[in-house]
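Notes for the one structure printed next.
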Amino acid sequence: QVQLVESGGGLVQAGGSLRPSCAASANTFSLYAIAWYRQAPGKQRDVVARITTGGTTYYSDSVKGRFTISRDNAKNTLYLQMNSLKPEDTAVYFCNARPDWADWTADVGFWGQGTQVTVSS
């Protein structure tokens with residue numbers, strides 16, 4: 001069992017930056033691929049960025065070049081550096097931990113409670 005706790009969301013103007021983080025309870029953090037998902041009101045939850053146990057990263061087209069995902073296995077923490085934020089980035093951001101082999105479109109693994117990110121125009 002892995003408990004995930006997100007923090008670092010907030011309200012920011014368009015063009016600004018935020019760096020939410022996700023702290024994991026377990027020392028097995030390094031054994032999981034980790035991802036950030038987001039869900040806007042009335043929309044489905046979609047993966048934004050993910051990082052494998054080996055450090056390979058993936059980004060959705062909507063955030064590529066603006067967001068950077070990273071992990072610190074020594075601190076059991078995941079980060080998402082978000083730059084050049086846009087109003088359409090407004091959503092609840094969730095972190096998720098799952099095995100490397102798991103399908104990223106499936107609702108599997110461990111989830112945090114989410115952190116709200118609001119970008120004003």
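Some observations on this one:
- Sites Ser30 and Ser120, calculated FRET efficiency, Cβ-Cβ separation with R0 30 Å, nearest 0.05: 0.25
- The packing ranking of peptides 48-56, 73-81, highest mean first, is 73-81, 48-56, where packing means the average number of other beta carbon atoms within 10 angstrom of each residue.
- Contact order, relative form, for the chain: 36 percent (alpha carbon pairs under 8 Å, 6 or more residues apart, mean separation divided by residue count).
- Protein-only accessible surface order, largest first, of Ser21, Ser7 at 1.4 Å: Ser7, Ser21
- Computed over every Cα-Cα pair of the chain and binned at 10 Å starting from 0, the pair-distance distribution P(r) comes out as 15, 50, 30, 5, 0 percent.
- Based on C-alpha pairs under 8 angstrom that are at least 6 apart in sequence, the range 55-121 has a relative contact order of 28 percent.
- Cα-centre dipole for the chain with unit charges at Cβ (Lys and Arg positive, Asp and Glu negative), debye to 20: 180 debye
The values are calculated or read from the model by the stated rules, or taken from the named source; none is laboratory data. From a predicted model like this one, the values you see are computed outputs, not experimental measurements. We place every Cβ from the backbone using ideal geometry, glycine too, and count neighbours over all the protein chains shown. These area figures cover heavy atoms from the full protein model, side chains too; ligands, DNA and RNA do not enter into them. Shrake-Rupley method; radii C 1.70, N 1.55, O 1.52, S 1.80 Å.
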